[in-house]
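First up is the structure itself, then whatever we jot down about it.
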Amino acid sequence: METLEFIIYPDGRVQERVTGIVGRSCAEVTAAIEEKLGRVVQQEETSEFFAQPSLQVSTQADVAAAQVSHSQW
């Protein structure tokens with residue numbers, strides 16, 4: 001589940017925490033918000049930032065099952 005959490009401090013600082021977004025796409029998601037909030041003074045990447053988005057990989061069993069189901073039509 002993708003979440004954006006904002007903590008607003010009494011002095012006006014805003015802390016933004018992004019979870020559930022894998023890879024560098026979190027920067028795309030937060031860019032417009034950060035532009036409206038003002039100057040970014042610090043960024044700290046989480047392990048999710050450095051993770052690679054998972055790719056759907058077909059196994060030979062998946063391919064064989066798909067071929068069988070198509071031939072039954």
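Observations on the structure shown:
- Residue, farthest from the chain's Cα centre (by Cα), within the stretch 7-21, restricted to residues that are within 20 Å of Glu48 (Cβ to Cβ) and part of a loop (DSSP other than H, G, I, E, B): Gly20
- Residue within the stretch 45-68 that is among the hydrophobic types (A, V, I, L, M, F, W, C), open to solvent by less than 80 Å² (accessible area, probe 1.4 Å) and either touching a Leu at 6+ places or on another chain (Cβ under 9 Å) or modelled with pLDDT of 85 or more (or both) present: no
- Identity of the residue in the stretch 1-21, surrounded by 10 or more Cβ atoms within 10 Å (Cβ to Cβ) and among the polar types (S, T, N, Q), that ends up farthest from Leu37 (Cα to Cα): Thr19
- Conditions (1) at pLDDT below 85; (2) open to solvent by 100 Å² or more (accessible area, probe 1.4 Å); number of the one not met by Gln42: (1)
- The stretch 22-41, residues that are β-branched (Val, Ile, Thr) and outside any loop (DSSP other than H, G, I, E, B): Val29, Thr30, Ile33
- Residue that is nearest to Ala51 (Cα to Cα) [pool: residues in the stretch 22-32 that are of a type outside the set (A, V, I, L, M) and open to solvent by 60 Å² or more (accessible area, probe 1.4 Å)]: Arg24
The values are calculated or read from the model by the stated rules, or taken from the named source; none is laboratory data. Predicted model only: the values in this text are computed from it and were never measured. Note that we place each Cβ from the backbone using ideal geometry, even for glycine, and neighbour counts take in every protein chain shown. We work out accessible area using only protein heavy atoms, side chains counted, and drop any ligands, DNA or RNA first. Shrake-Rupley method; radii C 1.70, N 1.55, O 1.52, S 1.80 Å.
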